[in-house]
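The values are calculated or read from the model by the stated rules, or taken from the named source; none is laboratory data. Nothing here was measured: the structure is a model prediction, and the numbers come from that model. Cβ atoms come from the backbone with ideal geometry, glycine included; neighbour counts cover every protein chain shown. Calculation scope for accessible area: heavy atoms of the full protein, side chains included, ligands and nucleic acids excluded. Shrake-Rupley method; radii C 1.70, N 1.55, O 1.52, S 1.80 Å.
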Amino acid sequence: MSKFIRNAWYVAAWSTEIDDDLRRFTILGDHIVMYRKSDGGVVALEDRCPHRLLPLSKGKRVGDNVQCGYHGLTFDCSGACVRVPGQTNLPKSAYVDAFPIEERHGIVWIWMGDPARADTSKVFDMPEFTDPGWKVHHGDALHLKSNYLNVAENLVDPAHVSFVHPTTLGNAASENVPVHVQTEGEAILAWRWIRDAEPIGFFKGFGGFTGNVDRWHYYYLYTPCTAIIDFGSAPTGDAIAEEDRNKGVRIFALHFITPVTETHTIDRWMHIRNTAIDDPEAEVTMDKMFRVAFQEDKEILEAVQEEENRPAKRRPIRIAIDKGPLVYRKRINDLIELERTEDLASDPSPAFVYHD
Amino acid sequence: MSKFIRNAWYVAAWSTEIDDDLRRFTILGDHIVMYRKSDGGVVALEDRCPHRLLPLSKGKRVGDNVQCGYHGLTFDCSGACVRVPGQTNLPKSAYVDAFPIEERHGIVWIWMGDPARADTSKVFDMPEFTDPGWKVHHGDALHLKSNYLNVAENLVDPAHVSFVHPTTLGNAASENVPVHVQTEGEAILAWRWIRDAEPIGFFKGFGGFTGNVDRWHYYYLYTPCTAIIDFGSAPTGDAIAEEDRNKGVRIFALHFITPVTETHTIDRWMHIRNTAIDDPEAEVTMDKMFRVAFQEDKEILEAVQEEENRPAKRRPIRIAIDKGPLVYRKRINDLIELERTEDLASDPSPAFVYHD
Amino acid sequence: MSKFIRNAWYVAAWSTEIDDDLRRFTILGDHIVMYRKSDGGVVALEDRCPHRLLPLSKGKRVGDNVQCGYHGLTFDCSGACVRVPGQTNLPKSAYVDAFPIEERHGIVWIWMGDPARADTSKVFDMPEFTDPGWKVHHGDALHLKSNYLNVAENLVDPAHVSFVHPTTLGNAASENVPVHVQTEGEAILAWRWIRDAEPIGFFKGFGGFTGNVDRWHYYYLYTPCTAIIDFGSAPTGDAIAEEDRNKGVRIFALHFITPVTETHTIDRWMHIRNTAIDDPEAEVTMDKMFRVAFQEDKEILEAVQEEENRPAKRRPIRIAIDKGPLVYRKRINDLIELERTEDLASDPSPAFVYHD
């Protein structure tokens, strides 16, 4: 049984990762070759020639087409075979899968499921990407030797920042503050306010706070793999309301989680902020702190994965702060099960046949 | 089925390997975190938080307790959970296993089985550890990519020294001398005397012999994993009797075998000697020769393990010198089978249930 | 089921790879120890002592015999045990397999199957090895992380050179020239002529052609693992006939394929040529070009193997140029099946027994 939802948009790459050259990417365990056509559009094809299985990324571009490096079979951008050297007829089964792509805001999204269901209106978006009152900054791609569920659930878990990120995103003031969890359509939201406390390291290095602050963390996790963390602070004296977060220093940390294989995940991270919009130095400071924090996550999540690979003596325990992760895992499991059922319904050669 | 006897004392570490820091050790395939309390006592806990499985060794000390590095769950020296941040109740299943420890003569012993059966009077000891007529010298920890049974049986096999250690512990004079094997309680003893022969390399470099010697090797292997090799020499002219070995140059080479996993073993080795007690130079000479010899063992035992991992075309043959190893392997198998039967008897959810 | 034909001659080594020392070679997944006796003859024995499984190659020579490095068991060149230290009787089951060897033209051949069927008249040979009109040059041993069938079928596939070796052995002129395939006894032959075309890179660097040439490629693949590629060129104006290839610049590229394991293969390659016989500089030039080309093959074949190790979504397609490879794979499968059937017939303990 697949461990991934296929009918969903995943981030395949930053736009800057793809150019004219043939490049291999691995997503949901599948190898994909990606490149830009002469008109700049991104092509994504199954990275395996149907003849002798050589990755097409080992071949070369011939115009907008791809020629296999072993015997010269050539495929167009739709995956159809347009040439078999040494013969004139083209076998019907000579094709590779082509994957729908949507490029937006410097991000390349890919649809790994049924192409007929790829609806670009469902690609994640938010108005702050293009609002001049906000500054968009692309970060980096963090590779983790961990299953994507571990990576994603960490992004709907505000409680860990007190212990994993004590110098940047959390501090002791929040250790015992309960977390609220609710669902908002496709998003799971876990949030809490820490009122009248010392600023966290991040807002000591950035934001210019001198006294205590009210601090918020809103973790939105969109199924399957997009996490938006809305966090910020305002002077405690301002006593801002929950809905007035734009009045404080507010940052959206965006995480696009790409399952590479069952034990390898890429977290492409970036941020959008409402202050220091024209301050590149502040940007560098923020970037550094994010890197410190995400390196801490990586160490934790890879160690957890190593333990999960070992036999378990007993069931893990569940505690109050697990609500967000548990809702998330249930949603994923239900969707995988749904896809499995749909596949069975549409499968022309069912695995189970009843005989009288 | 387990490949290890659990109800036994194993050497976990030299005392010098453990301090205030949290350190991971792997014993019988289990990960253990060890550290010293403020009173100097050694604590050994299961190295896995029962919540999200992070190794506790990735967390930090809070007094004598350990705080998990992911969400702050805290465990005391008995393994009981004493804090779950964000909630006041402590789930009953929130605990980690704690392992009985006995520290003696600079050696830390651990009991990996039922704590109720951990009897410290059964920890291996010998009077020479504290007898002023003897000098105790701790050697090193040799890592071998080999199953512990291969490592241990090599330590009840005097015949191999003629071929594996021709420059240090054996020489051609002993090649055809038969080996005697007998059991003495928990020990299997394999021994032989080589009378009136050239000294081995070890006693050329140490002991000051000029002519031929009578040489003995007594290999005591205590189930499961402690080996004491009593070897020495005396001038042939002295014609010492078997029970008078203290009259010669006598050395006990001690080997404490720790099964790390099924294919990784640590041999912590040391020696106790009755000569050159205040001669550090002689100690360095001996240490060097031991290192040469044990490196030779390592090469042999790792090559044997590699072959054992491959499919066998036919059964290995058995020869006369195998008696000690065969008795040893039978004892281990019987004890593992006994533990398995005991587990079945005490298991509240038996695997096999008879229905009418 | 074995994936290899055992009753066949395989190349074990170049003659220069074997001397007095004990050396391990791995062939058809089996470890073999090889060395030269005092009379220069090559001995090949199973590289595993039947006692504790130590590779004999870890032991030492005692005259023409081999002494195990663990307990001194000693084996003669026929594999019979001639000494067990510490006892006088020699167990009947104390032996290792010995393999028939035939050394010829600097090449050591081994027979991995039933020794009674090893017929040295079946070892591959060709008159050019000793004909003074030809120059024999040994190349190198190319290691490939790929199954031998992939390596061998590439050597009965002239079509790939246009795409894999565009700067050395092929060029665009041949892309669409059909390949003829026929069988000639134990050989499968795939061939084509490219008439009146620019010389390939190889014959630009070597051969001194100024204008267009007629070029031929004859790929002979002898079951299971010997490939002879007869290729060459002559000025188009000469209009040489197919049977007059000796009138052109003619080269035999010999490839001896040794299956090491199912995913590791050695291709020992050499050539025999009819020109530049006393021109060491030309030899260096040719060698360099062969190295470029075979490195290209290696990259392709290892990438193909990696893909074959992954689950397949659908059956690979077959195209016109696959005829040679398909005939080859069928021959191999039939021979493996034949050996399996013979084994069943001669097996004293059959796996299947009928009960009434």
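Odds and ends about this structure:
- Loss of accessible area when C meets B, both sides summed, Å² nearest 100, probe 1.4 Å: 2700
- The range A:126-331 - percent relative contact order, Cα under 8 Å, separation 6 or more: 29
- Trypsin sites (Lys or Arg not before Pro) within the range A:62-134, DSSP loop, no more than 14 other Cβ atoms inside 10 Å: A:K92
- In straight-distance terms, cross-link reach from A:K247 covers every one of the lysines whose alpha-carbon lies under 16 Å from its own, apart from those fewer than eight places away in the same chain; here that gives A:K135.
- Given charges at beta-carbon only (K, R positive; D, E negative), |dipole| of chain B in Debye: 880
- Each copy carries C:E308; placing its label point 7 Å along the C-beta direction from Cα gives inter-copy distances of 3.4, 3.4 nm, listed from smallest up.
- Of the trypsin sites (Lys or Arg not before Pro) found in the range C:183-273, none is in coil by DSSP with at most 11 other Cβ atoms within 10 Å of its Cβ.
- Listing of the range B:147-183 residues, each with accessible area lower by at least 50 Å² in the full protein assembly than in the chain alone (probe 1.4 Å): B:F163
- Relative contact order [Cα under 8 Å, 6+ residues apart], the range C:212-347, whole percent: 15
- Accessible-area value, B:L338, 1.4 Å probe, nucleic acids and ligands omitted, Å²: 90
- Prolate/oblate/rounded call for the protein assembly as shown, Cα gyration tensor, a/c under 1.5 rounded: oblate
- Relative contact order %, chain B, counting alpha carbon pairs below 8 Å whose residues are six or more apart: 17
- Dipole magnitude of the range A:9-120 about its Cα centre (Cβ charges: Lys, Arg +1; Asp, Glu -1), debye to nearest 20: 460
- Taking the Cα centre of the range B:91-241 as reference, the dipole from Cβ charges on Lys and Arg (+1) and Asp and Glu (-1) amounts to some 260 debye.
- Per residue value of the accessible surface for the protein assembly as shown (all protein chains in place, 1.4 Å probe), Å²: 44
- With all protein chains in place and a 1.4 Å probe, the accessible surface of the range A:126-331 carries 51 percent carbon and sulfur.
- Sum of -39500 (n - 2.57) over DSSP H runs of 4+, divided by residues of chain A (222 nm, nearest 500): -6000 deg cm²/dmol
- Whole-angstrom gap from the range B:1-27 to the range B:301-319, using each part's C-alpha centre: 28
- What separates the C:D39 label point from its copies, with the point 7 Å along Cα to Cβ, is 7.9, 7.9 nm, written shortest first.
- Using alpha-carbon coordinates, inclination of helix B:280-308 to the longest axis of chain B, degrees: 70
- Remark: the range B:103-212 is approximated by an ellipsoid whose semi-axes, taken from the C-alpha gyration tensor as √(5λ), come to 31, 19, 15 Å, largest first.
- Rounded to the nearest 10 degrees, the inclination of helix C:323-346 to the longest alpha-carbon principal axis of chain C is 20 degrees.
- Prolate is the label for the range A:126-331. Its Cα gyration tensor axes, ordered a ≥ b ≥ c, give a/c of at least 1.5 and a/b above b/c.
- Legend: residue pairs A:K60/C:K323; A:K3/A:K37; A:K145/B:K58; B:K3/B:K37, Cα-Cα distance threshold 21 Å; pairs beyond threshold, A:K60/C:K323; A:K3/A:K37; B:K3/B:K37.
- Between C:D196 and C:V213, C:D214, C:R215, the built amide H atoms are under 5 Å apart, and every one of these is 5 or more places off in sequence or on another chain.
- Charged neighbours of C:F25, selected by a Cβ distance under 10 Å, balance to -1 (K, R count +1; D, E count -1).
- The alpha-carbon of B:K204 sits under 16 angstrom from the alpha-carbons of these lysines, leaving out residues fewer than 8 places away in its chain: B:K288.
- Of all chain C C-beta atoms, the nearest to the rotation axis linking C with A is recorded, alongside its rounded Å distance, as C:N309, 12.
- Candidates per GluC sites (Glu not before Pro) in the range A:210-309, loop by DSSP, up to 16 other Cβ within 10 Å: A:E262
- For the range C:280-322, the square roots of the Cα gyration tensor eigenvalues, ordered a ≥ b ≥ c, give a/c of at least 1.5 with a/b no greater than b/c, which places it in the oblate category.
- Listed residue (A:A234, B:A253, B:Y218) projecting farthest to the positive dipole end of the protein assembly as shown, Cβ model: B:Y218
- Cβ-vector label at 7 Å, A:I277, separations to other copies in nm: 8.6, 8.6
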